[in-house]
Amino acid sequence: MRIGIVGAGGISDTHVRAARGIEGVEIVAVHGSNRLKTLALAESAGAAVYPDFAEFLAHPMDIVAIGSPSGLHADQAIAAVRRGLHVIVEKPLDITTAKIDALLGEAEGRGVKVGVFFQERLSPEVGAMKRALDGGKIGQPLFASGSVRWYRPAEYYTASRWRGTWALDGGGALMNQGIHTVDLLLWLLGPVTRVSARTATRLHAIEVEDTALALLEFESGAIGTIEATTAAYPGFPRRVEITGTKGSLMNEDPPRTAAVADATPHRRVLQDFIEAVRTGRAPACDGREGRRSVAVVEAIYRSARSGTWEDIENGE
């Protein structure tokens, strides 16, 4: 299985290391906007370098792994899909559901697969939570909460032109850091029907929020909250809690830093995606699943602006 890498930052390095840990996978090409980083990443992977994106897509390959700035994801994925290539995209799938819908339409018309790196879905601990919920072990879910109280220094944003911007980051602590937890709540508990939210920029000199809090109403009748910040010094574990009529579940992860991520969780997602391509089944998190968290985040931002409850546009 031949893979091309889009992007040359820390997350693309993680994609390379994840791919190299899978038998029968070859990284064949790398495209990035930073020449020196792209050369270094391609050299480490033993792959060809393409400064031009169209030339990159012309290189023989089967899958494109996209780790560029979030606001470029759908445009680059559409270009790959039009070449008949399968695409797996770093979260979020894109920063608007409109662009995601355009991508999904292109992919469905050409019979190729779209996946998203929501690696927490494949962690053993979260899998155990999912089985417990689906098996009714905690009864009827009542409350759910997702807490992402992380810290990012000023340099995290100033070192990158795209982070903290509406155009390319699509939002702040929620769209970038918190979206993994939004996805988990949706995967564990099902669709959210409406939200009420507040956002603020309390610490960083950025266009977007570094602090967000939302109340969620689930289709099942459960009520939940999601909070996300990059201003909580020194950073705390990400926590997901679900309380039911017969018991409770809780999962806690260490706080994330801006350092290069461990490749093992991404390897699970990539391996699952490769098997989906080979067998024709759906990936663990396909494009339609990846759309749901962005729809919720969009509604949260609308609610923060309007001061009212906002319905979720689920696109079904």
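Structural remarks
- Screening the chain for whole DSSP H helices of 18 Å or more along their axis (Cα) with average Kyte-Doolittle hydropathy at least -1.0 returns 97-110, 263-279, 287-306.
- Relative to the 2.2 N^0.38 Å rule of thumb, the chain has a C-alpha radius of gyration ratio of 0.97.
- About its Cα centre, the chain has a charge dipole of approximately 340 debye under the convention of +1 per Lys or Arg Cβ and -1 per Asp or Glu Cβ, with nothing else charged.
- The chain - share of DSSP beta bridges that are antiparallel (%, nearest 5): 55 percent
- Neighbours of H31, meaning other residues whose beta-carbon lies under 15 angstrom from its beta-carbon, give a summed charge of -2 when Lys and Arg score +1 and Asp and Glu score -1.
- Shape of the stretch 1-78, Cα gyration tensor, a/c cut at 1.5: rounded
- Total lysine pairs under 16 Å (Cα atoms) in the chain, excluding pairs fewer than 8 apart on one chain: 4
- For the stretch 180-267, projected area of the alpha-carbon convex hull averaged over all directions, nm²: 7.5 nm²
- Net charge of the neighbourhood of R131, taken over other residues with C-beta under 13 Å away and scored Lys/Arg +1, Asp/Glu -1, is +1.
- Separation between Cα centres of the stretch 123-142 and the stretch 218-232, rounded to whole Å: 18 Å
- Note on the stretch 170-316: semi-axes of the ellipsoid equivalent to its C-alpha gyration tensor, largest first and rounded to whole Å, are 25, 21, 17.
- At q = 0.18, 0.31 Å⁻¹, base-10 log of I(q)/I(0) for the stretch 260-316 (Debye sum, equal scatterers on each alpha carbon): -0.74, -1.12
- Residues M175, M250, arranged from fewest to most other Cβ atoms within 10 angstrom of their Cβ, appear as M250, M175.
- Share of pairwise Cα separations in the stretch 74-207, more than 19 Å, in percent: 62 percent
- Peptides 280-287, 65-72, 264-271, 152-159, ordered by how many other C-beta atoms sit within 10 Å of their residues on average, highest first, read 65-72, 264-271, 280-287, 152-159.
Computed from the coordinates by the stated procedures, all read-outs in this text should not be read as laboratory data. Since we're looking at a predicted model, the values are computed, not measured. Glycine also receives a Cβ, built like all others from the backbone with ideal geometry; neighbour counts cover every protein chain displayed.
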